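Structure below; questions to follow.
The values are calculated or read from the model by the stated rules, or taken from the named source; none is laboratory data. These numbers were taken from a predicted model, which means no experiment stands behind them. When we count neighbours, we look across all protein chains shown, and the Cβ atoms used for this are built from the backbone with ideal geometry, even at glycine.
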Amino acid sequence: MTKATIEVSGLVKTYAKKRVVDGLSFTVNPGTVTGFLGPNGAGKSTTLRMLLGLTRPDAGTALIGGRGYHEHPEPLRVVGALMDARWAHPKRSARAHLTWLARSNRIPVQRVDEVLAQVGLTDVAGKRVGGFSLGMAQRLGLAGALLGDPGVLVLDEPANGLDPEGIAWMRGLLRALAAEGRTVFVSSHLLAEMAQLADDVVMIGRGKLITQGSVTDLTSLSSTEEVLVRAEEPERLRDLVVEHGATAVEAPERAEALLVSGMSSEDIGRAAARAGLVLFELAPRRRTVEDAYLKLTADSVEYRGSVQQPVEGSRA
């Protein structure tokens with residue numbers, strides 16, 4: 001295994017006069033799991049394809065270990081990639097598929113059984129890939145990515161089709177690979193999972209970098225501190241916090257509760273006690289990766305749906 005850094009600099013790609021990737025630059029370091037986030041149409045897949053030499057950029061560079069993908073004499077030993085879990089020939093067995101990959105890349109054939117065991121497919125190694133579920137196909141794709149024992153992994157939506165046990169397994173595997181010093185770069189729409197998996201995040205929108213940093217830094221950007229409060233007299237509570245320079249709005253997730261911004265839970269509790277207000281609930285609202293994602297990508301979403309209001313008298 002050779003450690004390597006991913007370096008994207010000034011990357012540009014245009015299709016039919018539309019700038020899909022627009023001057024994108026970021027770095028992904030060894031020893032971390034880095035999430036690649038962005039709305040549909042943000043340019044994530046195009047960026048990954050340019051990184052793997054599948055699409056030629058109009059400008060800029062996408063380097064792995066200081067070289068373009070095709071400049072590595074044995075790229076599968078440097079970069080393991082999973083872009084499409086269904087690309088294997090459906091009439092080949094899992095073992096035959098991986099054996100072909102190994103022989104065509106001068107990788108010892110004994111690695112086939114090693115990676116089959118690593119991804120939990122030993123018992124179905126002789127079965128045809130066409131009969132695999134999407135989750136099994138994802139495991140096979142990951143086995144192919146690991147075949148050359150690469151120092152860099154580039155994975156596009158690897159958790160698609162996995163059940164909860166499979167997602168937890170993949171999370172543990174990817175974190176263990178990063179702990180070995182590998183560079184793990186994962187594109188995903190599963191924000192809750194990414195919050196548990198990733199150390200760092202690269203977020204893009206409309207082909208441009210929105211932010212890059214740790215998950216902790218990302219959530220700190222999401223919003224001001226909010227506290228969920230339920231009181232015996234909610235209107236009096238609203239007037240009280242406003243007097244202290246805070247704001248209060250109705251909490252969408254809890255009936256007869258307020259979300260207070262601009263005061264800590266301790267300050268709210270003390271003010272309520274001095275005013276003789278009875279509080280039933282006082283809880284700081286936890287910031288999440290989803291909060292940060294929705295806030296930071298609000299101006300970058302290209303495809304928005306509309307919510308149809310129910311017709312009066314109709315049944316939901």
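Every residue in region 177-202 that is touching a helix residue (DSSP H, G or I) at 6+ places or on another chain (Cβ under 6 Å) and part of a strand (DSSP E or B), please.
Val184, Ser187, Val201 - these are the residues of region 177-202 that are touching a helix residue (DSSP H, G or I) at 6+ places or on another chain (Cβ under 6 Å) and part of a strand (DSSP E or B).
Right, another one. Is it the case that some residue within region 275-286 is modelled with pLDDT under 85, surrounded by fewer than 16 Cβ atoms within 10 Å (Cβ to Cβ) and in contact with a Leu (Cβ under 9 Å, 6 or more places away or on another chain)?
Yes, there is a match, as at least one residue in region 275-286 is modelled with pLDDT under 85, surrounded by fewer than 16 Cβ atoms within 10 Å (Cβ to Cβ) and in contact with a Leu (Cβ under 9 Å, 6 or more places away or on another chain).
Would it be correct to say that Val241 is of a type in the set (Val, Ile, Thr), surrounded by 15 or more Cβ atoms within 10 Å (Cβ to Cβ), in a helix (DSSP H, G or I) and touching a residue at least 24 places away in the same chain (Cβ under 8 Å)?
For Val241, the condition - of a type in the set (Val, Ile, Thr), surrounded by 15 or more Cβ atoms within 10 Å (Cβ to Cβ), in a helix (DSSP H, G or I) and touching a residue at least 24 places away in the same chain (Cβ under 8 Å) - is met.
Which of (1) in contact with a helix residue (DSSP H, G or I) (Cβ under 7 Å, 6 or more places away or on another chain); (2) modelled with pLDDT under 95; (3) at positive phi does Leu37 not meet, given it meets every other one?
Result: Leu37 passes all but (3).
Does at least one position in region 195-210 carry a residue that is under 22 Å from Ala85 (Cα atoms) and within 16 Å of the chain's Cα centre (by Cα)?
Yes, region 195-210 contains at least one residue that is under 22 Å from Ala85 (Cα atoms) and within 16 Å of the chain's Cα centre (by Cα).
So how many residues does region 109-129 have that are assigned to a helix (DSSP H, G or I) and either more than 28 Å from the chain's Cα centre (by Cα) or among the polar types (S, T, N, Q) (or both)?
Looking only at that region, the number is 8.
Go through region 34-65 residue by residue and tally those that are in a loop (DSSP other than H, G, I, E, B), in contact with a Pro (Cβ under 9 Å, 6 or more places away or on another chain) and in contact (Cβ under 8 Å) with a residue 40 or more places away in the chain.
Summing the residues that are in a loop (DSSP other than H, G, I, E, B), in contact with a Pro (Cβ under 9 Å, 6 or more places away or on another chain) and in contact (Cβ under 8 Å) with a residue 40 or more places away in the chain in region 34-65 gives 1.
Kindly indicate whether Pro57 is assigned by TED's automatic domain parsing to the domain that holds Lys127, more than 26 Å from Phe132 (Cα to Cα), modelled with pLDDT under 95 and crowded, with 19+ Cβ neighbours inside 10 Å.
So Pro57 fails the test.
Okay, next question. Which residue pairs have Cβ atoms under 6 Å apart, sit 6 or more places apart or on different chains, and have a first residue in region 156-174 that is more than 17 Å from Ser45 (Cβ to Cβ) and assigned by TED's automatic domain parsing to the domain that holds Pro30 and a second that is in a strand (DSSP E or B) and modelled with pLDDT of 90 or more?
Listed by first residue and then by second, the contacts come to Leu174/Val33; Leu174/Val184.
Considering only residues of region 66-103 that are part of a loop (DSSP other than H, G, I, E, B) and under 17 Å from Leu155 (Cα atoms), which is nearest to the chain's Cα centre (by Cα)?
That would be Met83.
Would you confirm, using the coordinates I've provided, whether Thr34 is touching a strand residue (DSSP E or B) at 6+ places or on another chain (Cβ under 8 Å) and surrounded by fewer than 20 Cβ atoms within 10 Å (Cβ to Cβ)?
no
From Lys91, Lys44, Lys13, grab the single residue that is in the same structural domain as Arg139 (by TED's automatic domain parsing), under 23 Å from Asp113 (Cβ atoms) and touching a strand residue (DSSP E or B) at 6+ places or on another chain (Cβ under 8 Å).
Answer to the check: Lys91.
Also: Could you tell me which residue of region 208-244 is farthest from Ser25 (Cα to Cα), considering only residues that are β-branched (Val, Ile, Thr) and modelled with pLDDT under 75?
Thr224
Still on this structure: Identify all residues within region 169-186 that are out of contact with any Leu (no Cβ under 9 Å at 6 or more places or on another chain) and within 15 Å of Gly120 (Cα to Cα); write none if there are none.
Within region 169-186, Gly172 is the sole residue that qualifies.
Also, I was wondering about something else. Just to be sure before I move on: is Gly213 surrounded by fewer than 15 Cβ atoms within 10 Å (Cβ to Cβ) and under 30 Å from Gly41 (Cα atoms) in the structure I sent?
The answer is yes for Gly213.
While we're looking at this one, here's another question. Do we find a residue being more than 17 Å from Leu142 (Cβ to Cβ), of a type outside the set (A, V, I, L, M), assigned to a strand (DSSP E or B) and more than 11 Å from the chain's Cα centre (by Cα) anywhere in region 229-238?
Scanning region 229-238, I find at least one residue that is more than 17 Å from Leu142 (Cβ to Cβ), of a type outside the set (A, V, I, L, M), assigned to a strand (DSSP E or B) and more than 11 Å from the chain's Cα centre (by Cα), so the answer is yes.
May I pose another question? Which residue out of Ala292, Ala251, Ala271 is at pLDDT 90 or above, surrounded by 14 or more Cβ atoms within 10 Å (Cβ to Cβ) and small (Gly, Ala, Ser)?
Unique residue meeting the criteria: Ala271.
Let me ask something else about it. Condition check: of a type in the set (Lys, Arg), surrounded by fewer than 18 Cβ atoms within 10 Å (Cβ to Cβ) and over 22 Å from Arg182 (Cα atoms). Does Arg86 satisfy that?
yes
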